[in-house]
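The values are calculated or read from the model by the stated rules, or taken from the named source; none is laboratory data. Bear in mind that the values here come from a model prediction, so they are computed numbers and not experimental data. FYI the Cβ positions are ideal-geometry reconstructions off the backbone, even for glycines, and counts take in every protein chain you see. What goes into the accessible areas is simple: the full protein's heavy atoms, side chains included, and nothing from ligands, DNA or RNA. Shrake-Rupley method; radii C 1.70, N 1.55, O 1.52, S 1.80 Å.
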Amino acid sequence: MATKKRKKTGEAGGPESGGPGSGGVRELLRVPGGERVDLRRFDPRSTPGGPAGKAAALEAVAPMAQRLASLQERLYAASTTGDRRRVLLVLQGMDTSGKGGTVKHVIGAFNPSGCRVKAFKAPTPEEREHPFLWRVAKELPRPGEIGIFDRSHYEDVLIARVRELVPRSRLGRRYAAINRFEKELADDGVTVVKVFLHISYEEQRERLLGRLDDPDKHWKFNRGDIEERAMWPEYRHAYELALERCSSDAAPWYVVPADRKWYRNWAVAQLLLEHLEALAPRYPEGDFDVDECRARLLAT
């Protein structure tokens, strides 16, 4: 996938782009391990495997949400009898790529009591005193839960690289530490779904302008966003390295084209759906005699 350009809008939906008979969105969007990644070859406006358009995507939301909710309940129910499996959705992307909007969309399909959401900001003084994975380990989902990270441990090889916050030799060790960490999570029953929300340079400009033009969105605008935008090539390269070095069988990366918000939301929900269906959680069987309990209840 890293060497091919995305399907254009209008080409999605057929057998070659995730329709019936294909391997699903997981295969279409996955970054193969060990291959060089050039994000300029990925079309941020494409809709691989997606519905025919925005109206069709919105129409698909209700049945998809019902299925997600059912699978979440089964996953949680299974944990009550010792099943340690859980899911962690990691969202990364350039500023304005829609991490917060995606979290809101995903949470809408789930029971909030079974979700654990964490938005990682700049490390606190206490967090800086510990290894970089320390604060992440504290926020992991418990058995039966679905965890969602808005930014994550990858900030420590992204902004740390671009802003030269640590020596390059330490960065190299961090990629290896991340791979070990995620392998340990997978071995402990965590399904790690890592999503890079891929927007274009032009789309980011439009979204930032939209925040400036709407007083109700001024709170979302930061003058520092302009400075960060000036370092777009450096951030793109940092993401390419993270995708190359940390896409493994235990925790692969998925690149989701994010210029079209409707596709972004649909694709992330579909990725979660496919992973949960692969887990196939089941309700545990009761450890009591149903007929006896029924008779006793009717006698009351």
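General remarks:
- Residues in region 196-210 that are under 27 Å from C115 (Cβ atoms) and touching a Ser or Thr at 6+ places or on another chain (Cβ under 8 Å): L197, H198, I199, R207.
- Odd one out for V136, checked against (1) open to solvent by less than 40 Å² (accessible area, probe 1.4 Å); (2) of a type outside the set (F, W, Y); (3) part of a helix (DSSP H, G or I); (4) modelled with pLDDT under 95: (4)
- Filtered residues of region 167-179 (kept if without any contact (Cβ under 8 Å) to a residue 40 or more places away in the chain and either in contact with a Ser or Thr (Cβ under 8 Å, 6 or more places away or on another chain) or in a helix (DSSP H, G or I) (or both)): R168, S169, R170, L171, G172, R173, A176
- All positions within region 82-102 that are open to solvent by 20 Å² or more (accessible area, probe 1.4 Å) and closer than 14 Å to N265 by Cα: G100, G101
- Among (1) open to solvent by less than 70 Å² (accessible area, probe 1.4 Å); (2) not hydrophobic (A, V, I, L, M, F, W, C); (3) not in a helix (DSSP H, G or I) - the single one D249 does not satisfy: (1)
- Test for R223: is it in contact with a helix residue (DSSP H, G or I) (Cβ under 6 Å, 6 or more places away or on another chain), over 18 Å from T102 (Cβ atoms) and open to solvent by 40 Å² or more (accessible area, probe 1.4 Å): no
- Only one of E164, E127, E182, E139 that is free of Cβ contacts under 8 Å to residues at least 24 places away in the same chain and within 30 Å of S70 (Cα to Cα): E139
- Residue count for region 65-81, restricted to those that are within 16 Å of E274 (Cα to Cα) and crowded, with 17+ Cβ neighbours inside 10 Å: 6
- For region 86-100, filtering for residues that are under 21 Å from S113 (Cα atoms) and touching a residue at least 60 places away in the same chain (Cβ under 8 Å) leaves 7.
- Of all residues in region 262-299, exactly one satisfies the criterion of being within 20 Å of L91 (Cβ to Cβ) and basic (K, R), namely R264.
- When each of R74, R86 is tested for being farther than 25 Å from W219 by Cα and either in contact with a Ser or Thr (Cβ under 9 Å, 6 or more places away or on another chain) or at pLDDT below 95 (or both), the lone residue that passes is R86.
- Hey, L28 assigned to a helix (DSSP H, G or I), of a type in the set (A, V, I, L, M, F, W, C), over 23 Å from S248 (Cα atoms) and at pLDDT 95 or above or not: no
- Residue in region 150-165 that is more than 25 Å from A267 (Cα to Cα), among the charged types (D, E, K, R), assigned to a loop (DSSP other than H, G, I, E, B) and open to solvent by 10 Å² or more (accessible area, probe 1.4 Å) present: yes
- If you check A280, A238 for being at positive phi, out of contact with any Ser or Thr (no Cβ under 7 Å at 6 or more places or on another chain) and at pLDDT 95 or above, only one passes: A280.
- Given (1) more than 16 Å from the chain's Cα centre (by Cα); (2) in a helix (DSSP H, G or I), number of the condition L271 does not satisfy: (1)
- Residue in region 103-123 that is more than 20 Å from the chain's Cα centre (by Cα) and open to solvent by less than 50 Å² (accessible area, probe 1.4 Å) present: yes
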